[in-house]
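Quick notes on the structure that follows.
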Amino acid sequence: MTPSSALKLRFAPSPTGYLHLGNTRTALINWLYARAHQAEFILRLDDTDVQRSEQKYTDQLQKDLQWLGLTYDHFLKQSDRFDLYKEAAECLKAQGRLYPCYETPEELSLQRKTQLAAGKPPLYNRASLSLTPSQVEAFAQEGRHPHWRFKMEAGEIHWHDLIRGPVTFQGERLSDPVLIREDGSPVYTFATSVDDLEMGITHILRGEDHVTNTAVQIQIMEALSGHLNAIQFGHLALISGAQGEGLSKREGSLSLMELQAQGIEPMAINSLLAKLGTSDPILAYAHLEGLLDAFSITSFGRATPKLDPEDLWLMNTKILRLFSFEDIRPRLEALGLSEATPAFWAIAQNNIEKLEDVREWGEICYGKTCFPGENPAFLEVAAQSLPPAPWDETTFKAWADQIKTLTGLKGKELFIPLRRALTGQEHGPELKDLILVMGHAQVLMRLQTRRNL
């Protein structure tokens, strides 16, 4: 197997749960790095765990990436490549680097406990390397099927990590990993090594929980290729929840599917995750192109970044404020707000947490909803003082001054009852802007209807 020279990156999730923010960050950073370097970006499903991999997770994962705007150049599944793994296994067997083992889980557990009790590291003792043919036959008679381990070589395993800097392991201090299960299926470490080599992957960016896997993977790939490792690795610090807890995909913790249903914008997720764990300020970007221009892998540090769901909602409000009326118009129409104007959007976008909230402002500005009445005398004065159309930016001040003159009210005593009458709320956009969107007929209807409730 010989790697190609073109720059290639991959996002390789396992379809055993819905995509959560931890995996999404990995996908996004790989995508940004690939696009920043004109490299290929590949989606590869690591689905060799056939018992837990489900099509519904695969389908949703692809929908999630499309929603985020993370396009990929190629798509493949490990479950379609078992013949390639069998070929690679035979190559390692021929070198004496892949050998059969027959220990049961209970026997291996006892071995680890014994080693730990003696103050030794829990490394596989390689007992299977000295099995006699008669012992192997006896295991077969018992119905035992072998699992296959990769024989680690002693010596230094070294790479310069794009995030962590120089990383070194000693091969003799790493336990021989199982590469093939008793049922003949390849484990993650083996299938990933074969694929990364065969596909010509040049850069692997993934979580720091894979650092030890990388040391093992390097030896596997060097054994298969006959060449020193040329892949550049970068291991990202794992994000945690606000209290330091991990993000679990199987529990659906902050899954993209749920976040989308709640009203989070895709660029809120992209903007936050692209900068989380970096030294850069976390800013709102309306489009991926802006993030791409500002991307640098050297900005990522080793400290554990924390993510509070509230941060997403704060970012969501910022993203909505970036959208022009032309950007958002089709979505407003889909929500039934075909009468919306640029002036309406200018008011609404600064007073909503998610786009769905714009329905409320649509009802305020264009609907027939009435609010509970209070102080009918005040509202009657307000209705009688309402200036005739057409209105402009000076209308509200003139109206408020007239109400003040007739009632003696001023400040909050004047503005809060008026705002409640028009919106049913105590806070919101400037009334001088709001009444221009509502128009004379709508404002008058609210005042007259409210005082009659």
Seminar exercise, completed: When (1) open to solvent by less than 30 Å² (accessible area, probe 1.4 Å); (2) within 16 Å of the chain's Cα centre (by Cα) are applied to PHE325, the one that fails is (2)
Exercise. Which condition number in (1) assigned to a loop (DSSP other than H, G, I, E, B); (2) under 21 Å from ILE42 (Cα atoms) is the one that GLY246 fails?
Worked result: (2)
Problem set entry | Filter result for the condition that a residue is out of contact with any His (no Cβ under 6 Å at 6 or more places or on another chain), loosely packed, with under 14 Cβ neighbours inside 10 Å and in a helix (DSSP H, G or I), over GLU356, GLU363 | GLU356
Exercise. When you look at GLN55, is it farther than 23 Å from SER193 by Cβ, of a type outside the set (Phe, Trp, Tyr) and in contact with a Leu (Cβ under 8 Å, 6 or more places away or on another chain), yes or no?
Worked result: no
Exercise. Is at least one residue of segment 231-245 surrounded by 22 or more Cβ atoms within 10 Å (Cβ to Cβ) and among the hydroxyl-bearing types (Ser, Thr, Tyr)?
Worked result: no
For this session: Return the only residue of VAL178, VAL167, VAL136 being open to solvent by less than 60 Å² (accessible area, probe 1.4 Å), of a type outside the set (Lys, Arg) and closer than 30 Å to PRO305 by Cα.
Result: VAL167
Exercise. Taking SER338 and the conditions (1) open to solvent by 80 Å² or more (accessible area, probe 1.4 Å); (2) closer than 29 Å to TYR33 by Cβ; (3) assigned to a loop (DSSP other than H, G, I, E, B), which numbered condition does it fall short on, given that it satisfies the others?
Worked result: (2)
Exercise. Residues of segment 388-406 being touching a residue at least 24 places away in the same chain (Cβ under 8 Å) and surrounded by fewer than 17 Cβ atoms within 10 Å (Cβ to Cβ), which ones?
Worked result: PRO388, ALA389, ASP392, GLU393, LYS397, LEU406
Exercise. Residues HIS210, HIS203: which one is open to solvent by less than 20 Å² (accessible area, probe 1.4 Å) and closer than 17 Å to ARG164 by Cβ?
Worked result: HIS203
For this session: Can you tell me which residue within segment 78-129, out of those that are assigned to a loop (DSSP other than H, G, I, E, B) and small (Gly, Ala, Ser), is modelled with the highest pLDDT?
Result: GLY96
Problem set entry | Residue count for segment 46-75, restricted to those that are among the aliphatic types (A, V, I, L, M), open to solvent by less than 40 Å² (accessible area, probe 1.4 Å) and modelled with pLDDT under 95 | 0
Exercise. If you go through segment 192-205 one residue at a time, do you hit one that is assigned to a helix (DSSP H, G or I), farther than 24 Å from LEU236 by Cβ and either under 35 Å from the mean Cα position of the chain (by Cα) or modelled with pLDDT under 95 (or both)?
Worked result: yes
Exercise. Counting only residues that are touching a strand residue (DSSP E or B) at 6+ places or on another chain (Cβ under 6 Å) and of a type outside the set (Val, Ile, Thr), which one in segment 249-286 is modelled with the highest pLDDT?
Worked result: GLY277
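The values are calculated or read from the model by the stated rules, or taken from the named source; none is laboratory data. Predicted model, so just to flag it, every value in this text is computed and none were measured. FYI the Cβ positions are ideal-geometry reconstructions off the backbone, even for glycines, and counts take in every protein chain you see. These area figures cover heavy atoms from the full protein model, side chains too; ligands, DNA and RNA do not enter into them. Shrake-Rupley method; radii C 1.70, N 1.55, O 1.52, S 1.80 Å.
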